[in-house]
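Data first, discussion second: the structure below is written as structure tokens.
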């Protein structure tokens with residue numbers, strides 16, 4: 001063992017220099033062998049030291065002594081290959097015999113790509129076709145390895161469809177990577193929809209079409225697209241329902257105090273009535289502006305049997321003095337009256353209307369309304385208009401979206417024109433002048 005290394009000087013005697021030279025030679029020859037690393041003179045890069053205790057050779061590199069393993073990437077890679085085994089040989093013994101052959105039960109890893117024995121024909125940059133019905137192979141999201149003449153790339157299946165007449169399957173892929181040099185298309189060994197048991201994969205995909213069976217209970221409310229549904233059975237979100245409620249709404253005296261020109265509970269005198277089957281026609285003693293859907297409590301109508309007394313809903317308005325109801329049973333005998341009257345009740349509105357009276361109030365719009373002028377309902381809800389129009393030599397007509405909603409041809413008296421106006425619809429009254437114009441909005 002020798003770690004001494006002395007510098008030769010011109011002042012030294014020849015005998016002393018020979019001794020120093022022999023010492024330096026021994027240090028070099030033994031690799032500065034010793035139980036600890038040499039320190040004198042200061043080590044330099046590339047200097048060797050043999051650890052005589054542990055029998056390991058070190059090299060001095062940038063201020064540190066390092067083993068050969070620490071300075072070689074290959075050595076590190078081999079060490080990592082040992083895995084949990086102490087040596088690489090022990091790791092290889094798991095599957096290899098000493099002669100390099102595979103042990104019984106061991107098999108080479110399978111290729112992750114399968115090349116089916118099919119003829120591949122290029123159609124477009126995103127479609128190709130193969131012979132026969134291969135839809136069971138080309139399932140949505142299955143990974144594909146596309147081989148062209150001079151390159152190879154990857155994509156996945158979007159859809160596949162079989163043409164029974166031509167007996168061929170057209171496959172659409174996600175990426176526009178195909179061209180006329182198409183050679184073959186390999187597919188992944190793992191089917192995207194099959195689990196280990198061969199059944200359907202119990203997972204919901206993040207993309208692509210998928211049918212999900214069974215009842216699913218959500219812990220939180222689902223969030224839908226912001227756009228409104230456009231086809232049957234699409235989900236309707238809260239905003240869509242709030243904006244366009246479809247259903248039946250009944251208002252009563254607590255919600256609506258007046259409908260048309262009649263106050264809730266106001267009595268209308270009946271002058272006569274008639275019937276045809278279950279259609280009941282009632283003539284009033286005065287002009288009123290009734291609307292379809294309006295309810296009246298009817299009393300005082302007389303016939304031999306089935307006189308229509310009770311609560312009835314208007315099904316049509318013939319004119320300002322004639323309305324019709326539909327009875328449950330057909331009356332018989334002569335239709336007469338005995339102090340007959342209609343007690344104005346509530347109204348049922350059916351159709352694509354958002355409900356009334358959510359923050360709506362009756363407002364006097366007389367100062368900002370005129371006849372023969374078109375107005376638009378931009379309130380976000382349906383409104384109800386009731387306008388008293390002066391007598392006129394011409395008929396007074398109320399239009400909603402250019403549709404005649406009410407018509408009054410008695411030019412001797414003022415009339416009240418009334419109608420519902422859906423949200424975004426236009427409305428106007430032609431003829432006469434405005435006396436009073438009110439709107440529930």
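Where a number appears in this text, it was derived from the coordinates with a stated rule and is not lab data. This structure is a prediction, so every number in the text was calculated from the model and none was measured. Note that we place each Cβ from the backbone using ideal geometry, even for glycine, and neighbour counts take in every protein chain shown.
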Do you know the relative contact order of region 14-67, to the nearest whole percent, from alpha carbon pairs under 8 angstrom that are 6+ apart? 24
So what are the three principal axis dimensions of region 362-440 from its Cα atoms, in whole Å, longest to shortest? 37, 24, 16
nm² value of the averaged projected area, convex hull over the Cα atoms of region 359-403: 4.1
Rounded, prolate or oblate: pick one for region 14-67, where a ≥ b ≥ c are the square roots of the eigenvalues of its C-alpha gyration tensor, a/c under 1.5 means rounded, and failing that, prolate if a/b is larger than b/c, else oblate. prolate
How high is the FRET efficiency from residue 189 to residue 30, r the C-beta distance, R0 41 Å, rounded to 0.05? 0.10
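If r is the Cβ-Cβ distance from residue 269 to residue 332 and R0 is 30 Å, what FRET efficiency results, to the nearest 0.05?
The formula returns an efficiency of 0.75 here.
Using R₀ = 41 Å, calculate the FRET efficiency as 1/(1 + (r/R₀)^6) where r is the Cβ-Cβ separation of residue 133 and residue 86; round to 0.05.
Numbers: r = 55 Å, r/R0 = 1.34.
With a Förster radius of 41 Å, E is 0.15.
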What does the highest-first list of 159-168, 415-424 look like by mean Cβ count within 10 Å? 415-424, 159-168
How do the peptides 314-327, 143-156 rank, highest first, by the average count of neighbouring beta carbon atoms within 10 Å per residue? 314-327, 143-156
Based only on Cα atoms, what Rg/Rh ratio does region 113-188 have, Rh being taken as Kirkwood's radius? 0.92
